[in-house]
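Chemist: Questions regarding the structure given below will be posed in turn.
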Amino acid sequence: MSYPLQKSDDEWQAVLSKEQFRVIREKGTEAPFTGKYDKHMPDTGVYTCAACDAPLYKASHKFKSGCGWPAYFDNIPGAVTRHTDSTLGMSRTEIVCSNCGGHLGHVFKGEGYKTPTDERHCVNSVSMKFSPEDKVVDKTDSKV
């Protein structure tokens, strides 16, 4: 699949840390309970893609799941693309940034969390940045 922002591996390596490149571009996973946003629970703000700064999740989407990675019940409309991931001998739903295709993590449904969507977007902290500003413009130029 093609994404609006295209860069070569060399270009990505020039702007991402070694760990960010491993997770975001090579579909790696950070160890559970080690990411800086796992226990980060602000009331307002926006989480953006660490690779391209595209807005992904509002702080109000975040919830405590206890899984060891930041968890969100929904994303900013159009910000995340889902793909079937058949690695590890199972079928999961991978989530990537819709702007650059950077790997974020996986989404799980039907786990029984008391959230509006009954989904858990399990996202690597290294794949994101946080901005305390809540005013982010989405692709349709309306405030989210």
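Chemist: Can you tell me which residue within the stretch 83-135, out of those that are in contact with a Gly (Cβ under 8 Å, 6 or more places away or on another chain) and loosely packed, with under 14 Cβ neighbours inside 10 Å, is nearest to Ala71 (Cα to Cα)?
Modeler: Looking at residues that are in contact with a Gly (Cβ under 8 Å, 6 or more places away or on another chain) and loosely packed, with under 14 Cβ neighbours inside 10 Å, I get Asp118.
Chemist: Can you say whether Val46 is within 12 Å of the chain's Cα centre (by Cα) and at pLDDT 95 or above, as far as the supplied structure shows?
Modeler: yes
Condition check ((1) outside any loop (DSSP other than H, G, I, E, B); (2) over 11 Å from the mean Cα position of the chain (by Cα); (3) modelled with pLDDT of 90 or more) across all residues:
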{"position": "Pro77", "(1), (2), (3)": "no, yes, yes"}
{"position": "His83", "(1), (2), (3)": "yes, yes, yes"}
{"position": "Asn99", "(1), (2), (3)": "no, yes, yes"}
{"position": "Gly112", "(1), (2), (3)": "no, yes, yes"}
{"position": "Pro116", "(1), (2), (3)": "no, yes, yes"}
{"position": "Lys129", "(1), (2), (3)": "yes, no, yes"}
{"position": "Asp134", "(1), (2), (3)": "no, yes, no"}
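Chemist: Which of (1) out of contact with any Ser or Thr (no Cβ under 7 Å at 6 or more places or on another chain); (2) closer than 21 Å to Ser131 by Cβ is the odd one out, the single condition Ala79 does not satisfy?
Modeler: Unmet for Ala79, out of (1) out of contact with any Ser or Thr (no Cβ under 7 Å at 6 or more places or on another chain); (2) closer than 21 Å to Ser131 by Cβ: (1).
Chemist: Something else now. (1) at negative phi; (2) without any contact (Cβ under 8 Å) to a residue 24 or more places away in the chain; (3) of a type in the set (Gly, Ala, Ser): which one isn't true of Gly66, the others all being true?
Modeler: (1)
Chemist: Hey, can you tell me all the residues within the stretch 42-66 that are surrounded by fewer than 18 Cβ atoms within 10 Å (Cβ to Cβ) and either among the polar types (S, T, N, Q) or assigned to a helix (DSSP H, G or I) (or both)?
Modeler: Of everything in the stretch 42-66, those that are surrounded by fewer than 18 Cβ atoms within 10 Å (Cβ to Cβ) and either among the polar types (S, T, N, Q) or assigned to a helix (DSSP H, G or I) (or both) turn out to be Thr44, Ser60.
Chemist: Could you please find all residues in the stretch 1-30 being under 14 Å from Leu104 (Cα atoms) and either of a type in the set (Gly, Ala, Ser) or not in a loop (DSSP other than H, G, I, E, B) (or both)?
Modeler: Glu19, Gln20, Phe21, Arg22, Val23, Ile24, Arg25, Gly28
Chemist: Do you know which residues across the stretch 1-33 are within 25 Å of Gly66 (Cα to Cα) and without any contact (Cβ under 8 Å) to a residue 40 or more places away in the chain?
Modeler: Arg22, Ala31, Pro32, Phe33, listed by residue number.
Chemist: Please work out if Asp38 is under 18 Å from Phe130 (Cα atoms) and surrounded by fewer than 16 Cβ atoms within 10 Å (Cβ to Cβ).
Modeler: It is false that Asp38 is under 18 Å from Phe130 (Cα atoms) and surrounded by fewer than 16 Cβ atoms within 10 Å (Cβ to Cβ).
The values are calculated or read from the model by the stated rules, or taken from the named source; none is laboratory data. Here the structure is a predicted model, which means the values were calculated and not measured. Using ideal geometry, Cβ is built from the backbone for each residue, glycine included, and neighbour counts are taken over all protein chains shown.
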